[in-house]
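Visitor: My structure is below; once you've seen it, I'll send some questions.
The values are calculated or read from the model by the stated rules, or taken from the named source; none is laboratory data. For clarity, every value in this text was computed on a predicted model and none was experimentally measured. Neighbour counts are summed over all protein chains in view; Cβ atoms, including those assigned to glycine, are modelled from backbone coordinates with ideal geometry. We work out accessible area using only protein heavy atoms, side chains counted, and drop any ligands, DNA or RNA first. Shrake-Rupley method; radii C 1.70, N 1.55, O 1.52, S 1.80 Å.
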Amino acid sequence: MHLIDGKAIAQRIHAQSLDAIDKLALLGLKPGLAVVLVGDDPASRAYVRSKDKTCSELGMHSVKYELPAFTSQETLIELVRQLNADPKIHGILVQSPPPSHIDERAVIEAIDPRKDVDGFHPVSVGKLALGDTDGFVPCTPLGCQRLLIETGIETKGASVVVLGRSMIVGKPLALLLMNKGPGGDATVTVAHSRTKHLPDVCRQADILIAAIGQPGFVKADFVKDGAVVIDVGINRVPAPESPKGSKLVGDVAFAEVAPKCRAITPVPGGVGPMTIAMLMQNTIASCRRWGK
């Protein structure tokens with residue numbers, strides 16, 4: 001069983017990002033990312049802090065907006081419009097999920113597609129479905145694909161089951177793996193909590209990608225011997241033995257599944273670092289395309 005070290009792979013990608021940023025600097029360009037957080041969700045706050053820290057380490061221009069939970073939708077969309085017009089900003093990310101009174105779709109649609117480094121704008125989704133590489137791909141699916149490529153796991157002709165159908169991971173990841181080219185050309189099945197005979201369906205997979213949002217959902221009987229398992233889940237569960245009283249676990253019951261696998265990602269340290277690495281790469285790509 002090979003443990004896929006997402007943290008180490010992300011560090012290699014950050015080194016490539018640094019090189020790209022140095023080349024852009026010769027042209028008088030500096031990639032800029034704006035991250036907007038509404039409310040005080042602890043997980044979102046930690047994630048935004050991590051993105052801001054990575055930007056700083058790479059020498060990118062980074063702006064962070066932390067707005068109170070009562071911020072109106074009109075105020076938030078006006079901020080997005082200001083960032084659309086800011087030539088120093090090449091990527092805009094509004095941290096999900098926002099408070100319940102905010103229409104998240106309307107906010108996403110207000111972002112200039114050229115700065116949609118999160119890849120959630122309808123234009124970005126449409127380009128992904130068409131196989132148009134000018135659009136941005138959501139960072140977590142892109143990170144999953146990059147993990148497979150960097151680990152030398154062949155997707156061409158492989159049977160892949162994506163467990164989860166969200167617009168954040170499941171649907172865009174299925175499109176990405178079906179597209180032609182490296183990290184694609186797979187035969188993809190999208191399964192979910194309503195799929196009949198779910199363990200049987202998952203057991204057909206050469207590559208099983210779990211993104212269903214339930215801790216330990218994928219058991220040993222979901223996985224065939226020699227499969228590759230990518231665990232996208234990040235769930236905080238009680239852990240009295242931990243100093244924090246809780247711990248992060250994935251959607252896969254790691255201890256019972258890992259012995260059956262050819263390769264598997266851990267949680268934490270698997271897909272998570274790759275998501276941020278891909279966000280940086282998308283922002284650099286936006287700067288390269290649209291920078292002035």
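Visitor: Please give the peptides 168-174, 54-60, 251-257 ranked by average Cβ packing (other Cβ atoms within 10 Å per residue), highest first, as a rough proxy for protection. Don't skip to the end; give the middle numbers.
Guide: Values: 168-174: 23.1, 54-60: 17.4, 251-257: 19.9.
Top of the packing list down: 168-174, 251-257, 54-60.
Visitor: Take the alpha-carbon positions of region 128-237, form their convex hull, and give its projected area averaged over all directions (one quarter of the hull surface) in nm². Provide the component values of the computation, followed by the final result.
Guide: Numbers: hull surface 27.9 nm².
With every direction weighted equally, the projected area is 7.0 nm².
Visitor: Also, quick follow-up: Step through the residues of region 98-115 one at a time and calculate ³J(HN,Hα) from phi using the Karplus curve (6.51 cos²θ - 1.76 cosθ + 1.60, θ = phi - 60°), rounding each to whole Hz and writing x for Gly and Pro.
Guide: x, x, 4, 7, 8, 7, 4, 4, 4, 5, 4, 5, 7, 6, 4, x, 6, 10
Visitor: Per residue of region 129-134, what does 6.51 cos²θ - 1.76 cosθ + 1.60 with θ = phi - 60° give for ³J(HN,Hα)? Whole Hz please, x for Gly and Pro, Karplus curve as stated.
Guide: Values, residue by residue: 5, 7, x, 8, 7, 6 Hz.
Visitor: Let me ask something additional. For a test of the definition: using alpha carbon positions, the gyration tensor, and the 1.5 limit on a/c, classify region 34-78 as rounded, prolate or oblate. Could the numbers behind the result be given before it?
Guide: On the way: a/c = 4.36, a/b = 1.65, b/c = 2.65.
Since a/c reaches 1.5 but b/c is at least a/b, the shape of region 34-78 is classed as oblate.
Visitor: Would you be so kind as to identify which of HIS121, VAL94, GLY152 lies farthest towards the positive end of the dipole of region 86-157, taking Lys and Arg as +1 and Asp and Glu as -1 on Cβ and the Cα centre as origin?
Guide: Farthest towards the positive end: GLY152.
Visitor: While we're here: Between region 180-196 and region 1-65, what is the C-alpha centre distance in whole Å?
Guide: When both Cα centres are located, 28 Å separates them.
Visitor: Then there's this: Please report the relative contact order for region 23-151, taking Cα pairs under 8 Å with a sequence separation of at least 6, and give it as a percent rounded to a whole number.
Guide: On the way: 170 pairs, mean separation 29.2, N = 129.
Computed over region 23-151, the figure is 23 percent.
Visitor: Continuing with the same structure: Tell me, what HN-Hα J-couplings in whole Hz come from the Karplus equation 6.51 cos²θ - 1.76 cosθ + 1.60 at θ = phi - 60° for each residue of region 79-88, using x for Gly and Pro?
Guide: With coefficients 6.51, -1.76 and 1.60, one gets 4, 4, 5, 5, 5, 4, 8, 7, x, 7 Hz.
Visitor: While we're here: In degrees, nearest 10, range 0 to 90: what is the angle between the Cα axis of helix 139-150 and the longest Cα principal axis of the chain?
Guide: The answer is roughly 60 degrees.
Visitor: Thinking of region 2-73 as a set of Cα atoms, what percent of all their pairs are more than 19 Å apart? If you can, show how the numbers build up before the last one.
Guide: Working: 1261 of 2556 pairs.
Here the long-distance tail beyond 19 Å is 49 percent of all Cα pairs in region 2-73.
Visitor: Given the pairs LYS51/LYS88; LYS171/LYS196; LYS196/LYS224; LYS156/LYS196, which are separated by over 22 angstrom at their Cα positions? Before the final figure, lay out the partial values.
Guide: Numbers: LYS51/LYS88 17 Å; LYS171/LYS196 19 Å; LYS196/LYS224 18 Å; LYS156/LYS196 27 Å.
From LYS51/LYS88; LYS171/LYS196; LYS196/LYS224; LYS156/LYS196, over 22 Å: LYS156/LYS196.
Visitor: A follow-up question, please. Can you give the FRET efficiency to the nearest 0.05 for ALA255 and LYS88, using r as the Cβ-Cβ distance and R₀ = 35 Å?
Guide: Numbers: r = 47 Å, r/R0 = 1.35.
With R0 = 35 Å, the Cβ-Cβ based efficiency is 0.15.
Visitor: Based on DSSP, what percent of beta bridges with both residues in region 199-292 are antiparallel, to the nearest 5? Display every interim value, and only then the final one.
Guide: Details: 4 of 12 bridges.
Rounded to the nearest five, the antiparallel share is 35 percent.
Visitor: In Å³ and rounded to a whole number, note down the convex hull volume per residue for the Cα atoms of region 193-292. Don't jump to the answer; show the numbers that get you there.
Guide: On the way: hull volume 14.3 nm³, N = 100.
Convex hull of Cα atoms, per residue: 143 Å³.
Visitor: Then there is this: Under a point-charge model restricted to the Cβ atoms of Lys and Arg (+1) and Asp and Glu (-1), what is the dipole moment magnitude of region 18-73 relative to its Cα centre, in debye to the nearest 20?
Guide: Numbers: 7 positive and 7 negative charges, 13 e Å.
Here the size comes out at about 60 debye.
Visitor: Hey, another quick one. Just need the relative contact order of region 85-136 here, percent rounded to a whole number, with Cα pairs under 8 Å and 6+ apart. It would help to have the intermediate numbers written out before the result.
Guide: Details: 43 pairs, mean separation 15.9, N = 52.
Relative CO of region 85-136 lands at 31 percent.
Visitor: To the nearest 10 degrees, how steep is helix 6-26 against the longest Cα principal axis of the chain, on a 0 to 90 scale?
Guide: So the inclination is approximately 30 degrees.
Visitor: A further question follows. Which order, highest average first, do 141-154, 70-83 follow once you tally other Cβ atoms within 10 Å for each residue and take the mean per peptide?
Guide: Details: 141-154: 20.9, 70-83: 15.6.
Those peptides, ordered most packed to least, come out 141-154, 70-83.
Visitor: Same structure again: What is the angle, in °, between the Cα long axis of helix 271-290 and the longest principal axis of the Cα atoms in the chain? Nearest 10 is fine, range 0 to 90.
Guide: 40 degrees
Visitor: Still on this model: Tell me the relative contact order for region 4-76 as a rounded percent, counting alpha carbon contacts under 8 Å between residues six or more apart. Present the calculation step by step, with values, prior to reporting the outcome.
Guide: On the way: 61 pairs, mean separation 26.0, N = 73.
So the answer I get is 36 percent.
Visitor: Please report the antiparallel percentage of the DSSP beta bridges confined to the chain, to the nearest 5.
Guide: Details: 4 of 34 bridges.
Approximately 10 percent, going by the DSSP bridge assignments.
Visitor: Over region 89-228, give the accessible area per residue in Å² for a 1.4 Å probe, as an integer.
Guide: Working: 6060 Å² over 140 residues.
Spelled out: the 1.4 Å probe surface of region 89-228, per residue, equals 43 Å².
Visitor: Let me ask something else about it. Give me, ordered by chain and number, the residues 5 or more places off GLY131 or on other chains with an amide H under 5 Å from its own placed amide H.
Guide: none
Visitor: To continue, here is another question. Counting Lys and Arg as +1 and Asp and Glu as -1, each charge on the Cβ, what is the dipole of the chain about the Cα centre in debye, to the nearest 20? Write out the running numbers ahead of the final one.
Guide: Values: 33 positive and 30 negative charges, 60 e Å.
Charge dipole, the chain, about its Cα centre: 280 debye, nearest 20.
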